[in-house]
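Structure record follows, encoded as structure tokens.
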Amino acid sequence: MNPTLVIGNKNYSSWSLRPWLFLKHHGIPFEEIRIPLYREDSQARIAAHSPAGKVPVLVDGGITVWDSLAILEYLAERYPATQGWPEAPAARALARALSAEMHSGFQALRTHCGMNCRRPPAPPRKEPPEAVHRDVARIGRIWRDCRERAEGGPWLFGRFTIADAMYAPVALRFWTYQLEADAVARAYRDTVLGHPAMLEWIGAGQAETEIIPAFED
């Protein structure tokens, strides 16, 4: 039986995108349940799958995993051929640290530049606070430093890893809000946005009709 991934709106749910992209990249068959967020029945529908009451959720037989990073870790163990983390110990440690930093950090960027696939590419309508610029600069350094050391492919550590899945929604934000990036960061951003699965997700998000005012700027 294929695992089931429960996700939110593709237009807005950056956390849902991360494991979805990982599954798609590796060609792992899965069932998808999309639950639009912020509706009267959303919490009840999500609670039927997730004890935490949030998306995404992966259900694999009798195993339920919630939280994007936990799902990615589970998938890497469940499907060893994915090689979710880099093989070299130093690179693996760095990839884990950067993924955890994305998981818990960059709150200013999340708040002021939410993921929105339908938004036409343009700078934020209001000048964002300095904290957003610091987040953008930090992410740009991460991408540049990883790419300068990477070998064997265009991803952060050469081949696609969990770290790329974690930073994929931010690459979309960099494009959507035309955030400042040097040539190396722009090249990585474009690598992410050119991935066939990313294009599929973005197209599906743009086709959605739900509007969540809190996620619109």
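Checked against the criterion of being within 26 Å of Lys24 (Cα to Cα), open to solvent by 20 Å² or more (accessible area, probe 1.4 Å) and either of a type in the set (A, V, I, L, M, F, W, C) or in a helix (DSSP H, G or I) (or both), the candidates Glu210, Glu200, Glu151 yield just one match: Glu200.
Regarding Leu94, is this residue in contact with a helix residue (DSSP H, G or I) (Cβ under 7 Å, 6 or more places away or on another chain), buried (at least 17 other Cβ atoms within 10 Å of the Cβ) and not hydroxyl-bearing (Ser, Thr, Tyr)? Taking the combined requirement at face value, the residue does not satisfy it.
Looking across the stretch 25-71, the residues that are among the charged types (D, E, K, R), within 11 Å of Leu5 (Cβ to Cβ) and open to solvent by 30 Å² or more (accessible area, probe 1.4 Å) come down to Glu31, Glu32, Arg34. Considering the stretch 4-61, the qualifying strands (runs of 3 or more DSSP E), each wholly inside and each with 2 or more residues that are under 22 Å from Leu172 (Cβ atoms), aliphatic (A, V, I, L, M) and touching a helix residue (DSSP H, G or I) at 6+ places or on another chain (Cβ under 7 Å), run over 4-7.
If you take the residues in the stretch 123-148 that are surrounded by fewer than 18 Cβ atoms within 10 Å (Cβ to Cβ) and among the hydrophobic types (A, V, I, L, M, F, W, C), which one is farthest from Phe174 (Cα to Cα)? Ranking the qualifying residues of the stretch 123-148, first place goes to Ala131. Among the residues of the stretch 178-190, is there at least one that is in a helix (DSSP H, G or I), open to solvent by 70 Å² or more (accessible area, probe 1.4 Å), farther than 16 Å from Ser16 by Cα and aliphatic (A, V, I, L, M)? Among the residues of the stretch 178-190, not one is in a helix (DSSP H, G or I), open to solvent by 70 Å² or more (accessible area, probe 1.4 Å), farther than 16 Å from Ser16 by Cα and aliphatic (A, V, I, L, M), which makes the answer no.
Residues in the stretch 72-84 that are open to solvent by less than 30 Å² (accessible area, probe 1.4 Å) and assigned to a loop (DSSP other than H, G, I, E, B): Gly84 only. One residue stands out in the stretch 1-24 among those that are modelled with pLDDT of 95 or more and of a type in the set (A, V, I, L, M): the one that is surrounded by the fewest Cβ atoms within 10 Å (Cβ to Cβ), namely Ile7. How about the stretch 169-217: which of its residues are closer than 24 Å to Thr111 by Cβ, of a type in the set (Val, Ile, Thr) and touching a residue at least 40 places away in the same chain (Cβ under 8 Å)? Within the stretch 169-217, Val170, Thr176, Ile202, Ile212 meet the criteria.
The values are calculated or read from the model by the stated rules, or taken from the named source; none is laboratory data. Keep in mind it's a predicted model, so treat the numbers as computed, not measured. Quick reminder, even Gly has a Cβ in these numbers, built from the backbone with ideal geometry, and neighbours come from all protein chains shown. Surface accessibility is based on the protein's heavy atoms, side chains included, excluding ligands, DNA and RNA. Shrake-Rupley method; radii C 1.70, N 1.55, O 1.52, S 1.80 Å.
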